[in-house]
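Bear in mind that the values in this text are calculations on the coordinates, not laboratory data. This one's a predicted model, so the numbers in the text were calculated from it and none came from an experiment. As a convention, Cβ positions derive from the backbone with ideal geometry for all residues, glycine included, and neighbour counts pool all protein chains shown.
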Amino acid sequence: MENVSIPGARLDGVRLDFPSRFVISALPYLWDDEKNHQICFLSPGQWSHAITRDEFGSMISSADIVLPTSLSLVSKARARGEHTERSWPVPFTYQILLDALRDAEEFSESEPWNLARDAYRPQSVLTLLLSAIEKRGGSVFLIGGTPITLLKAEKNLRATYPGITIVGSMHGMYRREEEGALLQAIQKGAPNLILAGDPLPEGERWIPRHMSATRSGAFLYFGSIIRWFSGR
């Protein structure tokens, strides 16, 4: 296997991606390329911003993967959207491993993702990503939440995924003068996944505004994800 394909659709100028469970699990390997990557979730409430070329729309346009969280978006994209397909090269060192992963029973479903039921639930996507990162002994950096919520999230993440190293964290209420140290910590830690949630200065826009200041890794934002990990 030299490439992994991701089908999608372009609707009103916005690309929506429909990766399979296997592809999502393969991302930590496909993106082992010393580059930054971003995964975005898109809801109907965000659609009016996504089709514009303001800062949010530009972020969606440049994101590596855009996942619809709503059945209505999936239905519209399939009915009216222009079919797209992109390919990601598989690094040579991971080709045999990903062949084995693809052939594993857990990824043998004929339906790549149950889009007819729940589209892309952020928790389900994140579970696949974290499981894959744990298998390769990878690392995560957490940004967002209140100080107490973040501490609880770290504790629960370590308990649920003991094979993952948390190389750093910063609550979302940090002072502006602390931002330089935060970016240096991300760069030094070189995490496989930078996981961000509310409260965070500038919300999801924090990622494209600061992503170029870090060395590598996949950035994923979802507002309630830190609270979800904390058990709230």
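Brief remarks on what is shown
- In this Cβ point-charge picture (+1 for Lys and Arg, -1 for Asp and Glu), the chain has a dipole of about 540 debye about its Cα centre.
- Mean Cβ count within 10 Å, highest first, over the residues of peptides 164-172, 152-160: 164-172, 152-160
- Lysine pair number, Cα distance threshold 25 Å (strictly under), the chain, separation 8 or more or different chains: 7
- Cα gyration tensor shape for region 118-232, rounded if a/c is under 1.5, else prolate or oblate: rounded
- Centroid-to-centroid separation of region 1-79 and region 151-206 [C-alpha atoms, Å]: 23 Å
- Percent antiparallel among DSSP beta bridges (both partners in region 1-120, rounded to 5): 75 percent
- Length-normalised contact order of the chain in % [C-alpha pairs under 8 Å, at least 6 apart]: 25 percent
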